[in-house]
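The values are calculated or read from the model by the stated rules, or taken from the named source; none is laboratory data. Keep in mind it's a predicted model, so treat the numbers as computed, not measured. Ideal geometry is used to build each Cβ from the backbone, glycine not excepted, and the neighbour counts take in all protein chains shown. Just the protein is used for accessible areas: all its heavy atoms, side chains included, with ligands, DNA and RNA removed. Shrake-Rupley method; radii C 1.70, N 1.55, O 1.52, S 1.80 Å.
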Amino acid sequence: MSRTADLAALRLTALGIPRASASAVDAVRGLLALQAQDYPGALWALGLRAPGSTTATIEAAHAGGGIVRSWPMRGTLHLVAAEDLGWMLGLTGPRMVRAAEGRRRQLGLDADDFVRAERAVRGALSGGRHLSRAELFAEFGAAGIPPDGQRGIHTLGQLAQTGVVVQSGRDRWALLEEWVTTPRTLSGEEALREFALRYMLGHGPATAKDFAWWSSLTLTDARAGLAAAGDALERIEVDGETYFLRPGLEPAPRGVHLLPGFDEFVLGYTDRTPQLAREHWLTIVPGGNGVFLPTIVVDGRIAGTWKRRKATTKLITIELTPFGSLTATAARGVRTALDRYAEFIGVEVAIA
């Protein structure tokens with residue numbers, strides 16, 4: 001198997017980009033979770049995977065309760081199918097809280113602060129109420145926990161990681177137990193198996209190391225989950241590494257896709273070389289600062305970046321920065337992808 005071609009093409013299919021889902025909720029379930037620190041980018045990530053969807057329909061799925069947004073992994077916001085968040089936090093939440101203890105001490109936050117913060121938000125949100133982040137920060141302040149600096153977001157993050165609150169819309173927060181009324185209940189080996197299986201079905205071919213990093217689990221737990229998945233996953237060997245994937249997975253057909261920044265095609269793995277040449281890494285992450293630019297994908301490989309330059313209510317101008325000259329076929333594919341993006345956001349798109 002060619003590491004730089006076949007692995008990338010298989011990943012593209014697993015991630016649901018050419019293998020489209022029926023709805024945004026189905027697309028999220030297929031990935032288990034997708035990074036959503038950049039909210040508009042996360043909407044487009046789902047739009048790519050749900051034919052006929054628009055920004056409005058994706059946001060409606062979020063506000064309607066099928067999708068929630070929280071910090072289930074890596075201290076980073078993700079979109080998750082509502083029924084899956086609880087059992088995921090059961091595995092990852094305690095470890096993420098421990099990992100952030102040092103930073104929270106630097107901010108002057110202690111255990112008593114989180115007890116008071118939880119009491120305050122439960123009082124503010126109980127009965128099915130939803131508040132904005134600013135309103136929750138005001139509740140923290142009233143409880144004697146000034147949200148200045150990063151204190152507010154770290155307090156909110158810990159309340160999310162411990163399963164108290166969840167984001168129920170672009171800027172709406174609710175109590176998790178009230179908003180998600182029919183959660184799946186999984187624990188122990190069953191939860192590890194589900195985590196490993198769902199990640200590999202939606203991201204593989206990937207390694208145990210990829211899964212451990214992505215999930216915030218230890219490598220030991222990641223391997224235990226993969227062992228429990230057993231024959232539900234296929235295994236292939238490439239350059240001495242074992243990769244797990246959906247049985248019968250076929251490589252994606254040739255084509256062009258415009259992915260948002262932070263898409264799982266880049267963020268889903270520790271080793272991204274199958275889809276991205278090493279010499280272009282700092283182009284995708286300028287300065288290595290953790291901000292991932294939107295990418296142009298041609299035939300399974302990242303071939304450049306794109307970004308919105310000028311925007312009005314009627315027209316958005318897109319700047320394309322390919323790594324090299326695009327073929328005529330690829331250029332036509334870019335135009336088709338831009339047309340789909342224009343339909344999704346409801347605004348005409350032009351190339352700068």
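Of everything in segment 205-231, what is closer than 13 Å to L192 by Cβ and either in contact (Cβ under 8 Å) with a residue 60 or more places away in the chain or not in a helix (DSSP H, G or I) (or both)? Give them in sequence order. Steps first, please.
Within segment 205-231, the subset closer than 13 Å to L192 by Cβ is 208, 211-212, 215-230.
The answer is S215, S216, L217, T218, D221.
Among what's in segment 35-53 and is farther than 15 Å from I17 by Cα and open to solvent by 40 Å² or more (accessible area, probe 1.4 Å), pick the residue that is nearest to the chain's Cα centre (by Cα). Write out each step before concluding.
Looking only at segment 35-53, we keep the residues that are farther than 15 Å from I17 by Cα, and these are 35-40.
Remaining after also requiring open to solvent by 40 Å² or more (accessible area, probe 1.4 Å): 37-38, 40.
Working: Q37: 8, D38: 9, P40: 12 Å.
Out of the qualifying residues, it is Q37.
Within segment 298-316, track down each residue that is basic (K, R) and either loosely packed, with under 15 Cβ neighbours inside 10 Å or touching a residue at least 12 places away in the same chain (Cβ under 8 Å) (or both). First the steps, then the outcome.
In the first step, residues of segment 298-316 are kept if they are basic (K, R); the result is 301, 307-310, 314.
Matches in segment 298-316: R301, K307, R309, K310, K314.
Under the condition of being under 15 Å from E118 (Cβ atoms) and assigned to a strand (DSSP E or B), which residue from segment 149-179 is nearest to the chain's Cα centre (by Cα)?
Checked segment 149-179; the qualifying residue nearest to the chain's Cα centre (by Cα) is V166.
May I ask you to list the residues in segment 336-352 that are surrounded by 15 or more Cβ atoms within 10 Å (Cβ to Cβ), in contact (Cβ under 8 Å) with a residue 60 or more places away in the chain and under 14 Å from P40 (Cβ atoms)?
Within segment 336-352, Y341, F344, I345 qualify.
Consider only pairs whose beta carbons are under 7 Å apart and that are at least six residues apart or on different chains; among these, list those whose first residue lies in segment 149-177 and is closer than 15 Å to Q37 by Cα and whose second residue is of a type in the set (D, E, K, R) and open to solvent by less than 40 Å² (accessible area, probe 1.4 Å).
H154/R104; Q167/R69
In segment 75-104, what count of residues is obtained for those that are outside any helix (DSSP H, G or I) and touching a strand residue (DSSP E or B) at 6+ places or on another chain (Cβ under 8 Å)?
Taking segment 75-104 and keeping what is outside any helix (DSSP H, G or I), we get 75-81, 100.
Filter once more, keeping what is touching a strand residue (DSSP E or B) at 6+ places or on another chain (Cβ under 8 Å): 76-81.
Residues flagged as outside any helix (DSSP H, G or I) and touching a strand residue (DSSP E or B) at 6+ places or on another chain (Cβ under 8 Å) within segment 75-104 amount to 6.
Within segment 23-50, how many residues turn out to be within 15 Å of A60 (Cβ to Cβ) and in a loop (DSSP other than H, G, I, E, B)?
The first filter runs over segment 23-50 and keeps only residues within 15 Å of A60 (Cβ to Cβ), leaving 23-28, 39, 42-43, 46-47, 50.
Okay, now just the ones that are also in a loop (DSSP other than H, G, I, E, B), so 23, 50.
Selection size over segment 23-50: 2.
For segment 117-151, give me each residue that is surrounded by fewer than 16 Cβ atoms within 10 Å (Cβ to Cβ), more than 24 Å from V68 (Cβ to Cβ) and not acidic (D, E).
Across segment 117-151, the qualifying residues are G141, A142, G144, P146, G149.
Quick one: how many residues across segment 255-304 are in contact with a Ser or Thr (Cβ under 7 Å, 6 or more places away or on another chain), among the hydroxyl-bearing types (S, T, Y) and under 22 Å from L77 (Cβ atoms)?
1
With the checklist (1) at positive phi; (2) within 16 Å of the chain's Cα centre (by Cα) in hand, flag the one item L12 doesn't pass.
Of the numbered conditions (1) at positive phi; (2) within 16 Å of the chain's Cα centre (by Cα), the odd one out for L12 is (1).
Say we look at segment 317-332 and pick out the residues that are open to solvent by less than 30 Å² (accessible area, probe 1.4 Å) and more than 25 Å from the chain's Cα centre (by Cα); which of these is nearest to V256 (Cα to Cα)? Spell out how you get there, then give the answer.
At the first step, the residues of segment 317-332 found to be open to solvent by less than 30 Å² (accessible area, probe 1.4 Å) are 317-318, 330.
Filter again for more than 25 Å from the chain's Cα centre (by Cα), leaving 317, 330.
Details: T317: 19, A330: 7 Å.
By that ranking, first place goes to A330.
Quick one: which of G248, G240, G230, G188 is at positive phi and open to solvent by 60 Å² or more (accessible area, probe 1.4 Å)?
Numbers: G248 fails: open to solvent by 60 Å² or more (accessible area, probe 1.4 Å); G230 fails: open to solvent by 60 Å² or more (accessible area, probe 1.4 Å); G188 fails: open to solvent by 60 Å² or more (accessible area, probe 1.4 Å).
When all the criteria are applied, what remains is G240.
I'm trying to understand the selection: among the residues of segment 61-81, which are open to solvent by 10 Å² or more (accessible area, probe 1.4 Å) and under 15 Å from W179 (Cα atoms)? Please lay out each step first, then the result.
Step one: list which residues in segment 61-81 are open to solvent by 10 Å² or more (accessible area, probe 1.4 Å), which gives 61, 63-66, 69, 71, 74-77.
Answer for segment 61-81, where residues must be open to solvent by 10 Å² or more (accessible area, probe 1.4 Å) and under 15 Å from W179 (Cα atoms): A61, A63, G64, G65, G66, R69.
Based on this model, can you work out whether D239 counts as closer than 25 Å to R95 by Cβ, at pLDDT below 95 and of a type in the set (D, E, K, R)?
Numbers: closer than 25 Å to R95 by Cβ: no; at pLDDT below 95: yes; of a type in the set (D, E, K, R): yes.
Criteria not met by D239.
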